[in-house]
Structures are given as C-alpha cells and as structure tokens.
Amino acid sequence: MRTHYCGAVRREHLEQVVTLYGWVDRRRDHGGVIFIDLRDRSGIVQIVSDPERTPTAYLVADSLRNEYVVKIQGRVTQRPEASLNPRLPTGDIEIYADHIELLNAVQQQLPFQVSTAESESVREDLRLKYRYLDLRRERMRSNMNLRTQVIQTLRRYLEDQQGFMEIETPVLTRSTPEGARDYLVPSRVNPGEWFALPQSPQLFKQLLMVAGFDRYYQIARCFRDEDLRADRQPEFTQLDMEMSFMSQEEILALNEELICHLFKAVKGMDLPRPFPRLTYTESMARYGTDRPDTRFGLELVDVSDLFASSGFKVFANAIAQGGVVKVLSIPGGNAAISNVRIKPGGDLFQEASEGGAKGLAYIRVRDHSDIDTIGAIKDNLTPEHKAELLARTGAQSGDLLLFGADTTAIVNASLARLRLGVGHELQLIDAEKTNLLWITDFPLFEWNNDEQRLEALHHPFTAPHPEDLGDLKTARSQAYDLVYNGLEIGGGSLRIYQSDIQEQVFAAIGLSYEETHNKFGFLLEAFKYGTPPHGGIAYGLDRLVMLLAGEESIRDTIPFPKTQQARCLLTQAPASVDLKQLKELHIASKFSSETR
C-alpha cells in the first residue's frame, strides 16, 4: 500500500521506509548514480539509486524514462548539504530506492514535455487535445488543487458557519425565455417534446424557498449556447445560493463574509470591509461600464454642456440627438501616444471602433494656457470653456484628452475600452492590488433594438425597487453584482415573490397571458401558497478560480474545457450520431454525413 504522497514526505520521516506511486518527472544519470524525480498530484520527491547501495532497484532505474508509471519502496534519507533544494517542499530529503516496480511504460513519443523541469511553451490546441498530459504539468496541477481548495472552503463555510443545505436541482428541465440560447435535449418517450439543460437553477431554487429550505446552495453545472471568449464556456460551474427572510443588506453582508473567508483561506489575505459600492448609474457615468476596474483612476468626465451650443457640429449634433460628449484624460499621454495611433488605422482608433465609435477627437495639453488640437475643436472652444474643460479633467501640461461623442451607450463602451487598454499600456494598474466592489440599483429592463421590446437586464424574476412599482418600464431593480478587478464574479438580486408583480414583469417583456402561464404557470401557482421574501446570488467558480490563480483564461482552471468554437479537442465532440439514434428520438436531420 502507498504510505505517502510524493509531495508529503518531510524531514520528520527520516529513516522511515515508505512506499510511493507516481510518474517519472525526470531521470538523471550522474556518474553511475541515478536520480529520479518522482511526481504525483501532490508534488515531487527525489529518488536515488546506485549499484552498490540499491543494486536490485538500480537495473530498473536505469531503464526508466519520463512519464513511466512506477512503484517505489525505500528509506527516507537526509540530503547532503550541497544538494539541498529550497524550491521544493521535499527539498531537504531524498529516498534511496530499495525496490522499483515498473507499472507501465510510455509506448510512443510524447506530444510535448510534461516534466516540471522543462520550460517548453505548448500551443493551447495541443494542450487541449492531450489534456490528460497537460493536467500532469505543475501549472495545471496547481490550478486544479486551488479549484478543489476553493470549493472545499466555500462548502465548509456555508454549511458549518451559516447553516446552508446543499440541494441538487434537475439538469433536465424545460426551456424558458429571457437568457442565452438553451442547449436542447429531445425526449425519446415524449415524441416532439424537448428538455433544456439549465442556464442556472433559478426557478428551482426559488421553489426551494417556497418549500421552506430557507438557506440553499449548490455547486451547480450550467449550460449556455452562446459565443465564447476567454472567460466564458458553454458549460460552466457556479456557486448558487438562495436565502429567505433576508434583506439586501443582510445578503450583501453575508456574502462579504464569505468572500473574505475565502481570500483568507486560499491566499492568506485580509480584505477590508465593507466592500465599496457604486450604483449602476454612477459606475456607467464614471467608468463607462458596470464592471469597472477600480485599481486605477482615469475616470470619464461628461462635458456635454460645454459643447452643446458650440460650433463643432460633430459634438453639437450628438448632443442634440440625445447623446453625450465625454472625455478621457491620460496623464503624460502627449509623450506616450502619437497622433498616428489616434487617427484611422491606428490601434487606439481601432479599439474605440470596436466599442462602436466612428472616430476619436483629441486635445493635447501643452501648458495650462495652451492646448493643441484639430482645428474644428480649437476654433469652437471659448477661453471660458477651455478653462472649465481643464478644471474638470484636472489635465496638466503633457496630458492627452480623448473625446467620445455619440449615443451614451457607444461613448461609454468605446471610452471604457480605451481606459482599460491605456491603463495596461501605461502600467497604471497595480497587479498586486485586489479591489472588490458591489454594483447596485441596475435598471430592471433594457431595450432590445433587434426585437423592438424590453427585456430583463438580469432575468425576469428580479424584484423591482419598491419605490419604482408605479412604472416598471423605467424601474430600478434590487440587483447587485460583485466585481473583482474589473471582472464580474457574482451576481444576484432580491426576487419577485408575489404572483401579481411577476405577471406584470412578464407582460412588460412582451409575454402574453397564454405564454406566461404555459411557460411559468407552475411558478405563479407556487407563489399563491405562502412564498417568503427571498433573494440570492451566483458566483462563476471557473472565473473566480482563474482570478485567484492569476490566469487569463478560464480554460486553464477547468479540467476539460471547450475551445472558442465550443469543441472538445480531446473527444472530438460534438460529433455526428447514427441515424438510428435520430429515428428513436423522432428527429430528422437536414445534414448528411457528406455535408458534415
């Protein structure tokens, strides 16, 4: 039997005989003495074999190569002073192998080096195709260990300190509107009918509140058929929570305690409380986004009033049509950013364009009494307005002012992208800093221009602000998001728990009475049997672990992720299926094997 994991052997085990299992991370022959770095999921330990002290094991040791699977028995010994390795937790001991058993050899060339001693950079597609090898590497092992630690910490805190119950909810459920596309599953025993994989356990956790399980949580698998990016996957894991009889303040306080406990447990950090808060309106005004990175300044400044009656038609027209003019002041931007980068074809112009902007206007501050810009702005900027512009932005000699003039949404999106890009480029962001803040008071609805209707900004079960019940179309919601260094890691709200208000919200998003009761009749009926006030939150665990690990993609914190084309390179899924299977499901496909 195994007595220890490789990474767990320490000085206190000196002279003990241990049995280890693992993979050969590296083999080195030093003048007849063979050294083997033996690796398992806990770490690495050095094994020693020489022809005199361990003659039986030596012949086997001589035949070993990287990634061979072995069993080793031997005595724990103090390393010589000259060979101590402070970089390894096991670096002050080694094990003389009395017995080595080869359990399995590598039978073909490795697609890439797994050894922690190799500094090979491997293409992501190759890593994903051979994910089982990639997961052996130190970086991925560390990320998976961190993921396990995060989940264990959350579970223990919620159950042992806050009295939550973990309850599983169905994976096969019904398709509901208002969200990303569903993944659909045909029903064989109910021809023509379909299940949907859950985008979240939202409705079931609300029903658990109706059932009286007032503190629920679940490490939930969720599915969304949407376009992917670095921090998004078609299937993902979230910590899902719901609570009854708690106000928004109480929910936020509990969750701050949870996050502080997590950071202390996994990073040894003491986070200050309470977390800062911004309303949605404040966040959009100051940063152009509802998930601002507040580790640096560069806040946006609205200067619409300075240009509303100016002769600069681009600005004046944007304001006249209900838009805004905002400015981003970049300290030292004159020296750091050339005109070429701002004009069409430049990288900053392109960044603004991806936010919807048609162009960028700019002003270079030479000194506090002289500004240099394109003629149209300069000719239409009065001395009083110039002074006010410099005062509002706090611009000093050498600073660069970048302007956005368009609809509020486009100006915010384009300048928010520029702010973040410039912040990284000019090294204004402290990578060691951890900023968490709540965004609150979101609009209940947003306008869907394609479908010409209102849709829920979060989801249609979010409770409107009590003060705004008179006009739901312009109401604020009792919703809250937790933002960590510019990325949303959690979002939730107080929920609607009265059937009449829920029906009003469904009507506002364009659902007819028939559609409402066909899709959500079970929920509305449940609300008639004594539903408590309740609210909740869900955290994206993959994204949270990504940030804690210092990774840039959630694919590096998920054991078997999909690519940005929603494909699994390891199993080659999705794939075609036999026509027999489709017939059993009463499905006809217009794609033949040839067209695929």
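The values are calculated or read from the model by the stated rules, or taken from the named source; none is laboratory data. Remember, predicted model here, so these are calculated numbers, not experimental data. Heads up, the Cβs are rebuilt from the backbone with ideal geometry, glycines too, and the neighbour counts pull from every protein chain shown. Ligands, DNA and RNA are stripped out before the accessible areas are found, and what is left, the full protein with its side chains, is counted by its heavy atoms. Shrake-Rupley method; radii C 1.70, N 1.55, O 1.52, S 1.80 Å.
Before moving on, here are some points about what is shown:
- Label-zone membership for segment 92-130, site ARG11, 7 angstrom Cα→C-beta point, backbone N under 20 Å: 92-96
- Spin-label pair GLU166/LEU88, simplified geometry with 7 Å Cα→Cβ offset, distance in nm: 3.4
- Based on Cα contacts under 8 Å between residues 6+ apart, the chain shows a relative contact order of 13 percent.
- With the simple model of a label 7 Å out from the Cα in the direction of the Cβ, LYS580 to LYS358 spans 6.2 nm.
- Here the simple spin-label model places points 7 Å from the Cα toward Cβ, and for ASP29 and ALA566 these points are separated by 5.3 nm.
- Figure legend: label point modelled 7 angstrom from the Cα of ALA180 along Cα→Cβ; residues of segment 444-467 with amide N under 16 Å from it are 458-459.
- Ranked order, THR176, THR54 - accessible area, probe 1.4 Å, largest first: THR176, THR54
- Accessible area (Å², 1.4 Å probe, nearest 10) - SER512: 40
- Within a straight-line Cα-Cα reach of under 29 Å, LYS473 can be paired with the following lysines, leaving aside sequence neighbours fewer than 8 residues apart in one chain: LYS205, LYS326, LYS519, LYS528.
- Rolling a 1.4 Å probe over the protein chains gives LYS267 an accessible area of about 90 Å².
- Long-range HN-HN contacts of VAL185 with modeled amide H, under 5 Å: PHE195, ALA196, LEU197
- Looking at the chain, the accessible area is 49 square angstrom per residue; that uses a 1.4 Å probe and ignores ligands, DNA and RNA.
- Here LYS267 is the anchor, and the lysines within straight C-alpha reach of less than 23 Å, apart from those fewer than 8 places off in the same chain, are LYS433.
- Accessible area ranking (1.4 Å probe, heavy atoms, ligands and nucleic acids excluded), largest first, for ARG26, ARG141: ARG26, ARG141.
- Remark: accessible surface ordering of MET1, MET269, MET209, MET246 (largest first) is MET1, MET269, MET246, MET209, probe radius 1.4 Å.
- Calculated FRET efficiency, SER187 to GLU446, Cβ-Cβ distance, R0 = 41 Å: about 0.75 to the nearest 0.05.
- Of the DSSP H helices in the chain, those that are both long (alpha-carbon extent of 18 Å or more along the helix axis) and hydrophobic (Kyte-Doolittle mean at least 0.0) are 248-267, 408-425.
- For VAL185, the solvent-accessible surface computed with a 1.4 Å probe is close to 40 Å², ligands and nucleic acids excluded.
- Linear extension gain, ARG295 paired with GLN152, 0.36 nm per residue minus alpha-carbon span: 48.6 nm
- With contacts taken as Cα pairs under 8 Å at a separation of at least 6 residues, segment 506-596 carries a relative contact order of 9 percent.
- Per atom type, the chain shows carbon and sulfur on 50% of its accessible surface, probed at 1.4 Å.
- A helix-only calculation puts the chain at -8500 deg cm²/dmol for mean residue ellipticity at 222 nm, using -39500 (n - 2.57) for each DSSP H run of at least four residues, averaged over all residues.
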